[in-house]
Amino acid sequence: MKNFALRSVLLIIAAVVILTLPFSFYVVEPNEYAALFKFGRIVSVSDEPGIKFKIPNIHTVRHISKRLHLYDIPRSGVITKDKKSMITDNYVMWRVVDPVKYIQSLNANESLARERIEAAVYNAIKNVISSMTQDEVIEARGGRLSTKIAEDSNSDIGMYGIAIVQTEVKALDLPNDNKAAVYERMISERQNIAASYTAEGNSEAQKIRNRTDRETAIMIAGAEQSADILVAEGEAQYMRTLQSAYDTPEKAEFYNFLRSLDALKKSFSGKGERVIILDKNSEISRIIYGSKD
């Protein structure tokens, strides 16, 4: 009897083990958390892929994705620092970073998570844009504005165990009733800036022209002065040469004779007949008629 009872107990235990064995293990997939519960309380969280052990009917497992989630935030209106209305359209990339907080605060409910994200992002957009003028918002659109919105959003949703990895401004628009006025003002401002650059360029060009003209005038004046000096030196050298060539009475008389011949030659140059009336005491008369001394 004892052997039969023991055998029965072993068979029952074996049957229980066989029946419960498939429920004693769970699988942790890549890119997910697996939270192990014991009577409704979290006892451990695993994010390493593999097969894990649990006790059936005592432990339960909840799987939470670690992947990035995309959420398109509804369009919303905001007011800038200078009291201008703007319309923003954003999307965010978010993920679970603390599964325990995520479960405890939101019961791992993705719909609730999106509601908290939407509220946090809207508050961040409102706070960031309300601290900037409309022109500053337009200039900052893109990386700088998106980074600031993401930082402010994460400070509000960290308690839920989720984090915004990236936020992007898809559209940053103006209400239809004041688009035209804003665009005209922006065009006018850009034209003023262009006119200012043109005026500065013209002023600088005039300075360069004035400086060039002044330098050119100085160079020309210096060249003319050098030329005058060279001419004066040449004439002085010419006079010295003549003086040294005709420094005796005989040489001086010969020089006067040559000059008289040159003068007579010039008198007979040209076409037609020429009549020359000479003073009997002139040098040319002496040449033609001979000396009367």
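The values are calculated or read from the model by the stated rules, or taken from the named source; none is laboratory data. Treat the numbers as computed from the prediction; the structure is a model and nothing was measured. Cβ placement follows ideal geometry from the backbone for every residue including glycine, while neighbour counts extend to all protein chains displayed. Ligands, DNA and RNA are excluded from the accessible area calculation, which covers all protein heavy atoms including side chains. Shrake-Rupley method; radii C 1.70, N 1.55, O 1.52, S 1.80 Å.
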Next on the checklist: Can you find, among ILE79, ALA163, ASN107, the residue sitting farthest towards the positive end of the charge dipole of segment 70-218, where Lys and Arg contribute +1 and Asp and Glu -1 at Cβ?
Outcome noted: ILE79
Item to check | Extension reserve of the ALA221-VAL165 stretch, reckoned as 0.36 nm per residue once the Cα distance is removed | outcome: 12.8 nm
Checklist outcome for this item: At R0 = 25 Å the Cβ-Cβ FRET efficiency linking ASN109 and SER85, nearest 0.05, sits at 0.15
Checklist outcome for this item: Pseudo-spin-label distance MET93 to ALA236, built 7 Å along Cα→Cβ, given in nm, is 8.8 nm
Item to check | In Å², nearest 10: area of VAL43 left accessible to a 1.4 Å probe | outcome: 80 Å²
Next on the checklist: Explain nothing, just the number: dipole magnitude of segment 181-234 about its Cα centre with +1 on each Lys and Arg Cβ and -1 on each Asp and Glu Cβ, in debye rounded to the nearest 20.
Outcome noted: 360 debye
Checklist entry - Counting only the heavy atoms of the protein chains, how much of LEU112 is accessible to a 1.4 Å probe, in Å² to the nearest 10? => result 60 Å²
Checklist entry - ASP228: accessible area at probe 1.4 Å, nearest 10 Å²? => result 100 Å²
Item to check | In sequence order, calculated HN-Hα J values of segment 159-165 (Karplus, 6.51, -1.76, 1.60; Hz; x Gly/Pro) | outcome: 5, 9, x, 10, 9, 8, 7
Checklist entry - For segment 51-106, with equal point scatterers placed on the C-alpha atoms only and solvent neglected, what are the log10 I(q)/I(0) values from the Debye formula at q = 0.19, 0.22, 0.23 1/Å, to two decimals? => result -0.87, -0.96, -0.98
Checklist entry - Hey, what's the Cα Rg ratio for segment 55-153 versus the globular rule of thumb, 2.2 N^0.38 Å? => result 1.38
Next on the checklist: Please list, in order, the residues from segment 127-154 whose amide nitrogen is less than 18 Å from a point placed 7 Å along the Cα→Cβ vector of TYR197.
Outcome noted: 139
Checklist outcome for this item: Karplus-derived 3J(HN,Hα) from phi for segment 102-114 (6.51 cos²θ - 1.76 cosθ + 1.60, θ = phi - 60°), whole Hz, x at Gly and Pro, runs 4, 6, 5, 8, 10, 6, 6, 9, 5, 5, 5, 4, 5
Next on the checklist: Under a Cβ-only charge scheme (Lys and Arg +1, Asp and Glu -1), can you give me the dipole magnitude of segment 109-234 about the Cα centre, in debye to the nearest 20?
Outcome noted: 360 debye
